[in-house]
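Below is one structure, written out as C-alpha cells; comments come after it.
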Amino acid sequence: QVQLVESGGGLVQAGGSLRLSCAASGRTKYAMGWFRQAPGKEREFVAAISGSGVSIDYADSVKGRFIISRDNAKNTMYLQMNNLKPEDTGVYFCAAHRVGALYEYWGQGTQVTVSS
C-alpha cells in the first residue's frame, strides 16, 4: 500500500513558477507520475518518472517548461513548473504504480491556478 500527499500548489501569475511535491509512504520505489484536471475536463497525463529516476516522460504541452524528479532517500517526487500559462490551471495529482500495472495509488490533489 502506498499513501501519497501532494503540496506546493497555489496562485501564480502567467510566466511564474511553482514546485509541487508528492510525499510517499509505504513502498515508495514505484514508478510515479503527475496528472492534472482542469474544470470541466478529463484528467490528463503531465509527466512520469521510473522508480530509479532514469526514465522520464512528459506531455507535449509541458515539455521544456516542467521538470519531474524524485528523491528516493526522502520518498518524495517533485514537479518544477516554469513559465506557467493559464491553461496549466487545474488540480494536480500524483500517482504511483507497480511495474506492469496501471496507476493504482493516487493523492488527493493540489490546486494550481495561473492568472493571466
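What follows is calculated from the coordinates using simple rules that are stated; it is not laboratory data. The model shown is predicted, which means the values in this text are computed figures rather than measured ones. For neighbour counting, all protein chains shown are included, and Cβ atoms are generated from backbone atoms with ideal geometry for every residue, glycine included.
At a glance:
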| read-out | value |
| --- | --- |
| Residues of segment 10-52 satisfying the condition of being surrounded by 18 or more Cβ atoms within 10 Å (Cβ to Cβ) and closer than 22 Å to G64 by Cβ | L18, L20, C22, M32, G33, W34, F35, R36, V46, A47, A48, I49 |
| Looking only at segment 1-47, and only at residues there that are among the charged types (D, E, K, R) and without any contact (Cβ under 8 Å) to a residue 24 or more places away in the chain, the one that is nearest to F93 (Cα to Cα) | E44 |
| Check on D88, acidic (D, E) and within 18 Å of Q3 (Cβ to Cβ) | no |
